[in-house]
Amino acid sequence: MRIAIVTGATSGLGRAFLDEWQRRGVKLDEVWLVARHAEDLARTAADLPWQTRCFAIDLADKAARAELFAALEKACPRVRYVVNSAGYGKLGDVADIDADAQLGMVELNCEALVDISQRVLPYMSRGSVMFEIASVAAFAPQPGFAVYAATKGFVQYFARALNVELKDRGIEVISVCPNPMDTGFFKRAGGTPSGLKQYFFESTEGVVRAAMDAVGTRRDVVTNCAVAGALRVALKIVPHRFVFGIERTLLK
């Protein structure tokens, strides 16, 4: 049985991957959808051409993740795609944000992502692909978005290292690094970027199309637009201390 597993499946990039697979006519026996709200999962599943299995769980809860892992062990499927899209961020200085919200970012964006990535590996084989959703925020520390950017830096490094480790098995791991997108992300983040950054928004459809186009190309980091690509290159060269002032301006 060939399946795909998508976290954060009911909106944003998770949902966009499902739409892109439909557009490409991807052959799957089942798609496993993971998100927090059962009603949203049911609506998403109703729109899809594949058999679905829905997991209404909070992935930040380790005990809740056990439901997904138990289903994997019982079904023993071949996992063709994994999309680790669940995550959130909080805008503001660390001192001004609730500590539980900060720790929740680490638990969901990092701990849950690693847990899922490792647990699905026994069910992946040559030709399987894992998409780890990072961000342009992964390219440098971001005052005013400190914990979120740090978690995405973690995702970026983890994904690239895992890709090398799995090369001999023929399994790809791709770090997807979009600019801000018009999703529900910023509603939960507590605001929207202003200044120059508001002009760099891109579509979820374009990001996912670029991610899928990267499969089989040996590209382990995917950006979808010239701005994101230029940022990645520039932030390898320019000392970060010179970037901080600019970042503070862009995030205000």
Which numbered condition Asn109 misses (of (1) touching a strand residue (DSSP E or B) at 6+ places or on another chain (Cβ under 7 Å); (2) assigned to a helix (DSSP H, G or I); (3) under 16 Å from Gly8 (Cα atoms)): (1)
Quickly run through the stretch 13-44 and pick out the residues that are in contact (Cβ under 8 Å) with a residue 40 or more places away in the chain and in contact with a helix residue (DSSP H, G or I) (Cβ under 6 Å, 6 or more places away or on another chain). Leu13, Ala16, Phe17, Glu20, Ala35
Residue selected from the stretch 112-165 under the condition over 15 Å from the mean Cα position of the chain (by Cα) and among the hydroxyl-bearing types (Ser, Thr, Tyr), by the criterion farthest from Cys76 (Cα to Cα): Ser128
The lone condition Val79 fails out of (1) in contact with an Asp or Glu (Cβ under 6 Å, 6 or more places away or on another chain); (2) among the hydrophobic types (A, V, I, L, M, F, W, C); (3) open to solvent by less than 20 Å² (accessible area, probe 1.4 Å) is (1)
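With the structure loaded, tell me whether Ala189 is open to solvent by less than 30 Å² (accessible area, probe 1.4 Å), touching a Pro at 6+ places or on another chain (Cβ under 8 Å), modelled with pLDDT under 95 and within 17 Å of Ala134 (Cβ to Cβ) or whether it fails that test.
The answer is no for Ala189.
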Just need a number here: residues in the stretch 10-30 that are within 20 Å of the chain's Cα centre (by Cα) and over 17 Å from Met212 (Cα atoms). 2
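The values are calculated or read from the model by the stated rules, or taken from the named source; none is laboratory data. Note that the structure is a prediction, hence the values are computed from the model and not measured. Backbone-built Cβ (ideal geometry, glycine too); neighbour counts: all protein chains shown. For the accessible areas, the whole protein counts, side chains as well, though only heavy atoms, and no ligand, DNA or RNA atoms are used. Shrake-Rupley method; radii C 1.70, N 1.55, O 1.52, S 1.80 Å.
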